[in-house]
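Okay, structure first, notes after.
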Amino acid sequence: MTHEKNFSATPLSRRGLLQTALGAGAALAAGASPLRAAPLKKITFQLDWIAYGRHVPYYVALEKGYFSQAGLDVNIEQGTGAMPGFRYLAADRAQFVFQDIGSMIAARVRANLKMKAVSCVYQKAPHTAFFIKGKGIAAPKDLEGKKLGFSAGNSPKIMFPAFAEANHIDQSKLNWLAADPNSLNSLLLNHQADVILTYLFTLPVLQKSAQNGEQIGTFVYSDFGANFYANGIVAMEDYIAANPDVVRGFVKAVKQGFEYTAAHPQDAVTLMKKHQPQLNADTALKELPILARLSTSEDTKKHGFGVMTESKMQETANLIAKYMDLKSEVPIHDLYTNDFLS
């Protein structure tokens, strides 16, 4: 015989209903309910440098709850450069870092740090030669005979030969002037150097500080034949293997942060300033179109944010090996994965 529950039985009194609700609340407070939300997993994410406008999407992901929706409690820390960041990662003091993929390749070879890129943010390298327009420079070949300012050890100087070779620049005809990173901009603005080598994100600051209405010109390496991956999200191989859901959730949240930033740039900067009140909002806003330019490629248009291809990763590895004088190679598929982008 089939027995059916009669849900039209005598209703609870208001007092009985209140007692039932209170009992359920006590059970929830005691942790007896199976519906209790799981605790968020604590994650440390280290940037490449101090926080600028280019880092807005990560703070957006934090403020809009994209990380927490992925089950992650993310702490964003400022960085101090590539190798310190990689050591931080290897020591498990950070689970993800935002760093240069070329430097990651070099660190894998030289220090045997088994890291892998799980998303490439800068599809186009921001490495740039800056000059003042109307001073005899109109094409890369015009750099011959000019004085070029640089900071020792920075990637735009290291990778400059790739740009020079792609544009048939005779490097023996270049004059070099080394400078501290903090004084590099002034070399150009005060006409002590004809060119400086730094990153495209510097353009808003340079143009704002230019004298007498001078206009700043750029040769972005990736627009002139030196095409390689730059910064992306990097993690240790063993961490990726042990925490695939964390990696997938983190990468998705970053993508959502970029999408919101593109759609709501003003609000995105405001959200970041909650965490970085010293941020110059005007300069940060001017960095966002540059960020969009660098993070978009034909590959991302076809296959989505952060995607990497074997051919371009191989090209990146070849250039890094050549210009950073690496003595051995890492199998190309050990350098990146697209498995967590969907």
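Worth pointing out:
- Residues that are touching a helix residue (DSSP H, G or I) at 6+ places or on another chain (Cβ under 8 Å) and not polar (S, T, N, Q) were ranked within the range 283-292; the one that is most open to solvent (accessible area, probe 1.4 Å) is K286.
- With a requirement of 3 or more residues that are more than 26 Å from A70 (Cα to Cα) and modelled with pLDDT of 95 or more, the helices (runs of 4 or more DSSP H) lying completely within the range 252-342 that satisfy it span 281-295, 310-323.
- Selection count, the range 206-224, where residues are among the β-branched types (V, I, T) and either farther than 19 Å from E315 by Cα or open to solvent by 20 Å² or more (accessible area, probe 1.4 Å) (or both): 2
- The set of residues in the range 50-100 that are open to solvent by 20 Å² or more (accessible area, probe 1.4 Å) and closer than 21 Å to A241 by Cβ comprises A70, G71, R87, Y88, A90, A91, D92, R93, Q95.
- Residue count, the range 120-159 (criterion: in a helix (DSSP H, G or I) and either touching a residue at least 40 places away in the same chain (Cβ under 8 Å) or in contact with a strand residue (DSSP E or B) (Cβ under 8 Å, 6 or more places away or on another chain) (or both)): 6
- Candidates S172, S209 - the one that is modelled with pLDDT of 95 or more and within 26 Å of A321 (Cα to Cα): S172
- Residues that are surrounded by 14 or more Cβ atoms within 10 Å (Cβ to Cβ), farther than 22 Å from R110 by Cβ and over 17 Å from the mean Cα position of the chain (by Cα), drawn from the range 303-337: H303, T309, K312
- Residues of the range 168-200 satisfying the condition of being part of a loop (DSSP other than H, G, I, E, B) and either open to solvent by less than 60 Å² (accessible area, probe 1.4 Å) or free of Cβ contacts under 8 Å to residues at least 60 places away in the same chain (or both): H168, I169, D170, L174, A179, D180, N190, H191, Q192, A193
- Boolean, A162 is open to solvent by less than 20 Å² (accessible area, probe 1.4 Å), in a helix (DSSP H, G or I) and under 30 Å from V330 (Cα atoms): yes
Every residue, every condition in (1) more than 14 Å from the chain's Cα centre (by Cα); (2) surrounded by fewer than 20 Cβ atoms within 10 Å (Cβ to Cβ), yes or no:
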residue	(1), (2)
A226	yes, no
P244	yes, yes
T261	no, no
H264	yes, yes
A268	yes, no
K273	yes, yes
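- Which numbered condition F340 misses (of (1) over 28 Å from L203 (Cβ atoms); (2) open to solvent by 40 Å² or more (accessible area, probe 1.4 Å)): (2)
- Scanning the range 120-145 for residues that are surrounded by fewer than 18 Cβ atoms within 10 Å (Cβ to Cβ) and either in contact with a Pro (Cβ under 9 Å, 6 or more places away or on another chain) or at positive phi (or both) yields G134, G136, G145.
- Any hit, the range 232-241, residues being touching a residue at least 60 places away in the same chain (Cβ under 8 Å), part of a loop (DSSP other than H, G, I, E, B) and either open to solvent by 20 Å² or more (accessible area, probe 1.4 Å) or out of contact with any Lys or Arg (no Cβ under 6 Å at 6 or more places or on another chain) (or both): no
The values are calculated or read from the model by the stated rules, or taken from the named source; none is laboratory data. This structure is a prediction, so every number in the text was calculated from the model and none was measured. FYI the Cβ positions are ideal-geometry reconstructions off the backbone, even for glycines, and counts take in every protein chain you see. We work out accessible area using only protein heavy atoms, side chains counted, and drop any ligands, DNA or RNA first. Shrake-Rupley method; radii C 1.70, N 1.55, O 1.52, S 1.80 Å.
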